[in-house]
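The values are calculated or read from the model by the stated rules, or taken from the named source; none is laboratory data. If you're wondering where the values come from, they're calculated on a predicted model, not measured in any experiment. Backbone-built Cβ (ideal geometry, glycine too); neighbour counts: all protein chains shown.
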Amino acid sequence: MKHFLFILLLTSSLWGVNGKEILKKIDALSTLSSDITATIKLTQKKNDKITIMEAIYYRRDSDNAFLIIMTAPDNEKGNGYLRVGENFWMYKRNTRTFQHINRDESIAGSDAKGGDLENRKLSELYRVDTNANGSEKITEEQLGNISTYRVELVARTTDVTYPRQILWVHKENFLVLKAQAFALSGTLMQTIYYLKYTSIQGRYIPLQQIYIDEFDKGNKTVLELSGISFDKIPSHIFTKAYLENLSQ
């Protein structure tokens with residue numbers, strides 16, 4: 001995917017918007033007032049091999065909770081990823097064990113991370129980076145034919161998917177259209193494109209995302225959501241016991 005990027009080197013003060021406001025707008029758009037259940041399809045290309053994985057996805061933003069239960073292929077079936085509050089576990093069905101993990105944990109070996117599927121509070125996890133003169137690293141860019149804010153972020157905490165990110169945020173609706181993730185060394189590790197969103201009660205959920213591995217060139221994962229329901233999810237779903245019972 002190649003986009004002609006026309007960069008306008010303007011400071012945020014000229015637009016009447018600052019980094020804190022941009023992050024809060026992104027957070028407000030992505031935080032759901034209702035539960036969500038969906039089917040996840042992960043199509044991974046790695047070393048010229050295509051692997052398709054599927055899972056059931058439960059999410060409740062009011063409790064900062066989500067659960068992913070792998071349903072395919074057979075070697076992943078029954079494995080899971082459970083987050084409740086600040087606790088995040090990976091469950092392995094064959095050993096019936098839980099392992100405490102961080103947001104940067106890969107989902108079933110794909111390019112998608114655990115932190116990509118939670119309700120991320122960007123304003124809590126990141127701050128906008130600044131130049132030597134103290135001005136925020138925000139510029140205007142054209143992403144294709146869309147006007148965006150290009151926002152450079154640095155992490156406030158170590159428990160993030162990546163310590164540095166650059167976001168391309170739609171100027172009109174503040175949806176994230178593209179992200180690049182960097183290691184502390186400054187090495188570009190991953191590029192993410194958010195290709196399709198759906199809305200519910202003024203909130204937005206990405207339906208299709210492409211994760212491009214910039215370190216191992218040629219590898220990528222397409223994540224798609226379908227079969228979305230906003231019905232209330234029973235609270236026992238977000239428990240270790242529920243995952244264990246599925247293994248019996």
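Residue count for the stretch 116-129 under the criterion of being assigned to a strand (DSSP E or B) and buried (at least 18 other Cβ atoms within 10 Å of the Cβ): the result is 2. Among the residues making up the stretch 226-243, those that are outside any loop (DSSP other than H, G, I, E, B) and over 13 Å from I68 (Cα atoms) are S226, G227, I228, S229, S235, H236, A241. For the criterion of being of a type in the set (S, T, N, Q), over 24 Å from Q190 (Cα atoms), surrounded by 16 or more Cβ atoms within 10 Å (Cβ to Cβ) and without any contact (Cβ under 8 Å) to a residue 40 or more places away in the chain, N94 fails. Here A108, A132 are screened, and the one residue that is assigned to a loop (DSSP other than H, G, I, E, B) and either in contact with a Cys (Cβ under 9 Å, 6 or more places away or on another chain) or crowded, with 19+ Cβ neighbours inside 10 Å (or both) is A108. Would you check if there is a residue in the stretch 39-52 being assigned to a loop (DSSP other than H, G, I, E, B), within 19 Å of S135 (Cα to Cα) and at pLDDT below 90? No: zero hits.
Answer yes if at least one residue in the stretch 141-162 is over 16 Å from the mean Cα position of the chain (by Cα), exposed (fewer than 14 other Cβ atoms within 10 Å of the Cβ) and hydrophobic (A, V, I, L, M, F, W, C), and no otherwise. Within the stretch 141-162 (the criterion being over 16 Å from the mean Cα position of the chain (by Cα), exposed (fewer than 14 other Cβ atoms within 10 Å of the Cβ) and hydrophobic (A, V, I, L, M, F, W, C)), the answer is no, since none of the residues qualifies. The strands (runs of 3 or more DSSP E) falling completely within the stretch 149-203 that include 3 or more residues that are touching a residue at least 40 places away in the same chain (Cβ under 8 Å) map to 188-200. Residues in the stretch 67-91 that are crowded, with 20+ Cβ neighbours inside 10 Å and touching a residue at least 60 places away in the same chain (Cβ under 8 Å) were compared, and the one that is farthest from A28 (Cα to Cα) is Y91.
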